[in-house]
Amino acid sequence: MRTPGNEENMKKDSVEENVSDHEDVNHQKNESITGFVNDLGELQKELKRKETITCILQTLESDNDNLYKIIDECIKIIYEYLNVSIIVVAEFDNSIGKTKIMGQWCDGSVNNINGIMKYMPVELSDILNEKTMLIVDRKEGEENVRQILGKYGIRSMVAVPIAVEGMPQVYAFIAETRYEMNWDTHTISYLFDISKILQSFIYKRITNKSLRKSYEALKEILNNLTSGIMVIDKQEDEDKNKRVLFCNNTLLYEMKNGRKFAFEHYLNYEKKNKKIYSTKKYYEECYDPKTERWYDIHYIDIKWVDGRIVSLCNFTDITEKKKYQQKIEFQANNDYLTGLYNRMKCEKDLKLSIDDAKTKNSSGAVLFMDLDNFKSINDGLGHQYGDKMLKMIAAKLQKIDGIENSCYRVGGDEFIIIIEPAVIDESARIIDDIRKVFASPWYLVDTSDNKYYCTMSMGIVVFPQYGDSVSELIKKSDIAMYDAKKNGKNGFCYYSDGEDENSYKKLDIEKNMRLAVEAGCNEFEVYIQPIVDTLTEQCIGGEALVRWNSSNLGFLMPGEFIPIAEHMGLIVNIGEYVLKSACLFCKKWSDRGKNLRINVNLSVIQLLANDIVEVIKTTVRDTGIEPGNLVLEVTESLAINDMTRMKRIIKDIKKLGVKIALDDFGTGYSSLNYIKSMDLDIIKVDRTFTKDIAEDEYAQAFVKLIAELSKTLEVQVCVEGVEYQEQLGKLKELNINMIQGFYYGKPMRVTEFEQRFLENTR
Ligand code: C2E
Ligand code: CA
Ligand code: CA
């Protein structure tokens with residue numbers, strides 16, 4: 001249609017001169033008939049104009065999608081009516097200096113059609129900007145405008161704006177190249193009317209189109225989101241089909257898979273929030289138990305594209321994120337080995353419990369539990385068995401009523417149990433249940449006779465009475481635990497104020513002991529306590545008992561640091577040091593012609609170290625001690641009941657010619673079977689039996705039994721803890737071979753021992 005110099009039109013315009021139709025424009029040519037311009041003529045022209053406007057409106061009403069085609073057709077109607085040489089409708093953007101032709105008609109008299117279309121509108125744009133309409137004819141027109149038009153061969157022109165808000169400027173240029181004209185007011189107002197019609201038409205089309213386009217674009221965007229989007233009509237009734245105006249692909253997919261949760265959830269939300277329009281954003285994280293999925297849900301009320309008030313709902317499936325979070329949380333709060341909670345979770349929970357106790361004006365308790373001799377299981381049997389035992393213990397603890405959810409593993413073999421205020425009344429029962437867990441043996445290896453005992457020491461602190469901060473309570477329960485350990489294993493101890501001073505030392509002990517061991521154990525000193533033959537009342541040797549002259553902590557008794565040394569594994573180093581020193585003394589004594597025995601304590605942790613036999617062997621060799629003078633004191637271990645292994649170790653030690661004594665007999669889980677199956681040389685009866693031996697019939701009976709049994713078993717018996725003459729008398733009656741106790745001498749420095757028992761008797 002856009003046919004510059006369309007032949008047919010050209011012919012029509014130049015050859016046929018239709019006076020009645022073109023009276024206005026031909027006005028000048030027909031000056032002689034000016035008088036005919038009368039009412040009738042004007043009426044005819046008016047009718048013609050009305051006719052073209054009707055034509056234009058009809059054209060505009062067509063449902064042709066192509067805006068330019070419609071404009072072009074409208075221009076043709078005007079062009080034919082006005083019979084001017086050129087009409088151009090151009091959209092131009094003067095910011096980039098570009099013109100876009102929407103429609104254009106012209107006759108053959110136009111030479112520079114390209115320039116008129118492309119550049120003239122741009123050149124005129126500044127002038128046009130200031131005016132509603134630009135008229136250049138015989139009467140009107142500024143010089144600069146005339147000059148510009150002249151360049152393009154235009155002699156008269158009307159430029160009418162077709163202003164569309166927010167769009168580049170659109171102008172209709174009606175121009176005459178053939179002659180100068182006089183635009184009459186009717187024509188001008190006619191052009192003005194048409195421009196208004198076109199303007200509103202173009203506006204409607206453009207906004208409509210952009211709306212549709214932006215809606216399409218919006219849909220495209222929404223459909224490609226991974227979260228579900230739903231637009232719900234706020235005013236419609238509850239029928240889902242009517243209410244859901246839009247659903248993106250993600251949500252459709254969800255719904256197809258039976259996850260209707262989103263819509264149903266919206267209805268609930270609406271119930272709470274009525275149907276009031278609110279621009280407030282609403283957010284919720286929710287769980288759908290049916291599908292076991294988690295969603296992030298956002299609602300906001302907005303105006304939809306068609307102006308309706310709708311709720312825009314955004315659903316995001318966050319199940320994976322949630323699972324990951326839960327996993328991370330689990331890892332952060334749980335002990336990977338036992339599945340119990342860990343220290344971090346313990347601290348968090350304890351804080352809540354303290355607050356709870358305070359608000360309820362109630363109490364709770366922290367139980368700090370440390371396994372006795374766990375190290376020996378771990379080192380002796382191997383880590384996998386240690387792990388197995390920890391798991392078994394954890395499982396049993398978790399079954400105890402009232403603490404199912406408050407057991408924590410806070411260190412290698414350390415557990416914390418919180419007794420919550422809600423169950424504090426049951427604490428006695430709970431503690432008893434915990435102790436019962438350790439009363440029966442564990443079967444770690446798949447043969448039935450391999451029973452392992454593991455005991456624990458437990459410190460208990462009550463809160464908020466003895467503290468209301470997490471760190472304070474844990475520290476105090478730990479202190480109480482060490483007190484329990486000191487009082488003999490497998491017990492428990494309540495924290496009470498006043499024990500702080502000594503007990504806080506524990507932490508210092510650990511630190512300093514490590515340093516002392518690293519420095520070569522010189523701070524440790526071996527004391528000797530004499531052991532006397534009952535019949536001859538002669539000293540036959542002594543027991544080596546270690547003391548620690550700590551440069552930082554002062555003088556420490558073994559009870560204060562041996563349990564910690566065992567716990568830390570440092571007992572191995574300290575024990576070797578004691579063994580070596582003791583052997584050297586003994587060798588020195590025999591070199592002086594005094595054949596005395598030396599008893600050395602061997603911790604179960606040392607005993608189960610893989611190289612123990614080798615250590616003893618080299619010590620005996622290096623010190624030159626007569627092996628028969630060395631007596632190693634071992635205790636019945638509660639932890640290790642691996643008879644086969646123990647028997648083998650003892651056998652190997654005995655092969656070196658060294659003697660074995662069973663220490664602390666009568667305490668703990670003594671069994672005669674044990675003595676029988678071990679190839680022992682000496683039984684040391686614990687001093688608890690000595691205390692009341694003069695009066696207590698049970699103690700007498702027990703010692704008597706051991707004495708008689710020892711003959712059959714061919715072992716010697718040594719009774720410890722003899723302090724008084726009466727005790728000694730009774731023990732002599734019972735045919736006990738050896739006596740050790742304050743009666744003959746407390747543990748003393750080697751120099752003193754040598755003075756008293758070597759020189760005197762020489
Ligand atoms: P134990 O092996 O049973 O040592 C005997 C303990 O009883 C010694 O305490 C000793 O002082 C004490 N005792 C001896 N006669 C009497 C008495 O007539 N009355 C009273 N009331 N007590 C008496 P000590 O020296 O404090 O040692 C305590 C424990 O420390 C020892 O008990 C032993 O199990 C351990 N121990 C000491 N030195 C070593 C060592 O070098 N290695 C290892 N593994 N443990 C050691
Ligand atoms: Ca001993
Ligand atoms: Ca003993």
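When the range 406-437 is filtered for residues that are loosely packed, with under 15 Cβ neighbours inside 10 Å and within 14 Å of ASP335 (Cβ to Cβ), the ones remaining, listed by number, are GLY411, GLY412.
Listed here are the residues, each with its yes/no results for (1) within 16 Å of ligand 3 (Cβ to nearest atom); (2) of a type in the set (Phe, Trp, Tyr); (3) more than 22 Å from ILE682 (Cβ to Cβ); (4) touching a residue at least 40 places away in the same chain (Cβ under 8 Å).
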| position | (1), (2), (3), (4) |
| --- | --- |
| GLU537 | no, no, no, no |
| LEU545 | yes, no, no, yes |
| ILE564 | no, no, yes, yes |
| ILE574 | no, no, yes, yes |
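In summary, SER581 fulfils each of the numbered conditions (1) farther than 26 Å from GLY382 by Cα; (2) in a helix (DSSP H, G or I); (3) at pLDDT below 95 with the single exception of condition (3). Within the range 539-559, restricting attention to residues that are surrounded by fewer than 18 Cβ atoms within 10 Å (Cβ to Cβ) and under 45 Å from the mean Cα position of the chain (by Cα), the residue that is farthest from MET513 (Cα to Cα) is GLY559. GLU180 satisfies every condition listed in (1) under 20 Å from ASN83 (Cα atoms); (2) touching a Leu at 6+ places or on another chain (Cβ under 9 Å); (3) not polar (S, T, N, Q) except (2). Can you spot a residue in the range 111-128 that is modelled with pLDDT under 85, hydroxyl-bearing (Ser, Thr, Tyr) and in the same structural domain as GLN169 (by TED's automatic domain parsing)? Taking every residue of the range 111-128 in turn, at least one turns out to be modelled with pLDDT under 85, hydroxyl-bearing (Ser, Thr, Tyr) and in the same structural domain as GLN169 (by TED's automatic domain parsing). Taking the range 595-620 as the range and being more than 16 Å from ligand 3 (Cβ to nearest atom) and in contact with a Phe, Trp or Tyr (Cβ under 8 Å, 6 or more places away or on another chain) as the test, the residues that pass are ASN595, LEU596. Restricting attention to the range 573-595, does a residue exist that is assigned by TED's automatic domain parsing to the domain that holds GLN529, out of contact with any strand residue (DSSP E or B) (no Cβ under 8 Å at 6 or more places or on another chain) and within 16 Å of ligand 2 (Cβ to nearest atom)? There is no residue in the range 573-595 that is assigned by TED's automatic domain parsing to the domain that holds GLN529, out of contact with any strand residue (DSSP E or B) (no Cβ under 8 Å at 6 or more places or on another chain) and within 16 Å of ligand 2 (Cβ to nearest atom).
Go through the range 644-686 and report how many residues are modelled with pLDDT under 75 and not in a helix (DSSP H, G or I).
Residues flagged as modelled with pLDDT under 75 and not in a helix (DSSP H, G or I) within the range 644-686 amount to 5.
The condition (being modelled with pLDDT under 90, within 10 Å of ligand 1 (Cβ to nearest atom) and crowded, with 23+ Cβ neighbours inside 10 Å) is satisfied by just one residue among ILE571, ILE605: ILE605.
Looking at the range 66-166, the strands (runs of 3 or more DSSP E) lying wholly inside it that each contain 1 or more residues that are under 60 Å from the mean Cα position of the chain (by Cα) sit at 86-93, 98-106. Restricting the range 727-762 to residues that are surrounded by fewer than 18 Cβ atoms within 10 Å (Cβ to Cβ) and within 16 Å of ligand 2 (Cβ to nearest atom), the residue that is nearest to GLU695 (Cα to Cα) is PHE742. Count of the range 517-548 residues, restricted to those that are within 14 Å of ligand 1 (Cβ to nearest atom) and over 27 Å from ASN595 (Cα atoms), is 4. Considering the range 716-726, the residues that are surrounded by 22 or more Cβ atoms within 10 Å (Cβ to Cβ) and more than 12 Å from ligand 3 (Cβ to nearest atom) include one that is farthest from LYS684 (Cα to Cα), namely VAL722.
Consider the range 614-643 and keep the residues that are small (Gly, Ala, Ser) and under 50 Å from the mean Cα position of the chain (by Cα). The one that is modelled with the lowest pLDDT is ALA639.
Taken residue by residue, the range 107-122 has at least one member that is within 17 Å of CYS74 (Cα to Cα) and either touching a strand residue (DSSP E or B) at 6+ places or on another chain (Cβ under 9 Å) or among the hydroxyl-bearing types (Ser, Thr, Tyr) (or both). Number of residues in the range 445-471 that are in contact (Cβ under 8 Å) with a residue 12 or more places away in the chain, in a loop (DSSP other than H, G, I, E, B) and within 35 Å of the chain's Cα centre (by Cα) equals 5.
The values are calculated or read from the model by the stated rules, or taken from the named source; none is laboratory data. Remember, predicted model here, so these are calculated numbers, not experimental data. Note that we place each Cβ from the backbone using ideal geometry, even for glycine, and neighbour counts take in every protein chain shown.
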